[in-house]
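Single-structure report; data block below.
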Amino acid sequence: MISAFFNIRKIPELRNRVIFTLLLLVVVRLGSSITCPGVNASVLQQFFSSEVNSSGGGGVAALFNMFSGGALEKCAIFSLGVMPYISASIMIQLLTAVIPQLGKLAKEDGGRQKIMQYTRYATIMLCIFQGALLAKSLQNPGSLLHNIEKTIEVYGPLVPNPGTGFVVMTVISLTAGTMFLMWLGDQITERGIGNGMSLIISVGILSLFPAALVQAWKTVVPTVGGGQPILLVFMVAFLVLVIAGVICITQAQRRISVQYAKRVVGRKVYGGQTQYMPLKVNYAGVMPIIFAQAILVFPSSIIQMMWSDSPAANRFAAFLSEGWGHYAIIGLMIFFFSYFWVATQFRPQEIADDLKKQGGYIPGIRPGKATADFLDNTMTRLTFAGAIFLTIITILPQLLSQGMGIPPLAAQFFGGTSILIVVGVVLDTMRQIETHLIQRHYDGFLRKGKMRGRFDRNPNQMGEAATNTALIWVAIAASIVILAGIVFLMNGQAK
């Protein structure tokens, strides 16, 4: 794997793409530090630092701050991030699957460009709506950020000159920031490496990882009067297991064998071979979690902004945001949206018709409707397993935070939307880099380019590779043991 990174510089095109991507990501992080006009950024910074240090949270605002990569904490021009574009893309994609006119337009020549144009129009409308809500919240921060009044008394008002002018200026700044991020994402996708929008989201999430490490360290490292050293070892080992599990489920697929009949055209024979149709276990990806969290977060935030003085409304908002009721609701919603996404995006009848036209069939299954029913039943069972995994990975950070006292910001990296997005983006980016390396006869990250040929010539080297893998796992286990010993020694010194 290390040699693959060194091989990147040997390919000029790949090297330029990687450098271009890194430079644009630096621009993204710089834009996340430019405060919107008319906002006293020091008030927000002091509030988030004190709120996170005391309670580890910040409610809905902390969640938005995490997905904006800390831009909301500074009230930067990139506070909305690319989430309006992602939301618009999801809506247009679902409408394309539901409305026949849009579905027909998507299949026509130039239809994709029109669909993309509609998506950008919807993004602008969402930016205006969300920007206006954020501007109103900044003028009245107590409706969204609890206990910020104490910070305002010390550092002054959050918005020194509120009014219509401030709202208009904030909406324009946030909308322009999101559109600029969209342009940067398109440039990364076209001229860089990886998916630009996904990389921007992942970099924003990873930018908060150092702060999460600091919180975890202050929580579990022994201090004067006590500490939990074994919890740090457990967190490191558990983080490795969670990432490994997410990678396995993300890559897991059911391979359906497809046999193609032989066709003789002139002197050439086509078909006659067996191919495989991959059906992903987690077909919907992170979309069900995004839908479920968006639906649950939106009502609670509206209730807190408009009916903050009502005890009943506050209890209902708390019911939607925490507790077993929250777990049950979000689990049911993840199951619903998982099957809804598969129902709208996976079309077994079209796949069966295409196989029949190409002379392909699944062994033991009759072509046509029987094949469509088989694919539908198979995907239904796979979706059930994927929905269970998504539910577990969603509620895991909240259980760790409430049950073990881990700060919410640190617990978010043990599951939820953040870990799924980061793992998926990293795997996709590594896959694209590996494709460039293998095409130029260099070893990839998994050494597929040349190792396969050496295995064919010398099968005994497969045992050597297995031994190397075992040594890697032994090294990981030894590192954990050494880390545990260091922590216990620190505990003894502290006492």
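The values are calculated or read from the model by the stated rules, or taken from the named source; none is laboratory data. Quick caveat, the model's predicted, so the values are computed rather than measured. Here the Cβ positions follow ideal geometry from the backbone for every residue, glycine too, while neighbour counts run over all protein chains shown.
Residues of region 387-420 that are among the polar types (S, T, N, Q) and farther than 16 Å from Met333 by Cα: Gln398, Ser401, Gln402, Gln412, Ser418. Taking the listed residues Ser300, Ser308, the one that is modelled with pLDDT under 80, out of contact with any strand residue (DSSP E or B) (no Cβ under 8 Å at 6 or more places or on another chain) and part of a loop (DSSP other than H, G, I, E, B) is Ser308, with no other qualifying.
Of all residue pairs spaced 6 or more apart or on separate chains, none has beta-carbon atoms under 7 Å together with a first member in region 339-363 that is at pLDDT 85 or above and among the small types (Gly, Ala, Ser) and a second member that is loosely packed, with under 14 Cβ neighbours inside 10 Å and not in a helix (DSSP H, G or I). Looking across region 154-213, just one residue is in contact (Cβ under 8 Å) with a residue 40 or more places away in the chain and among the charged types (D, E, K, R), and that is Arg191. Residue count for region 91-129 under the criterion of being closer than 21 Å to Pro348 by Cβ and under 22 Å from the mean Cα position of the chain (by Cα): the result is 2.
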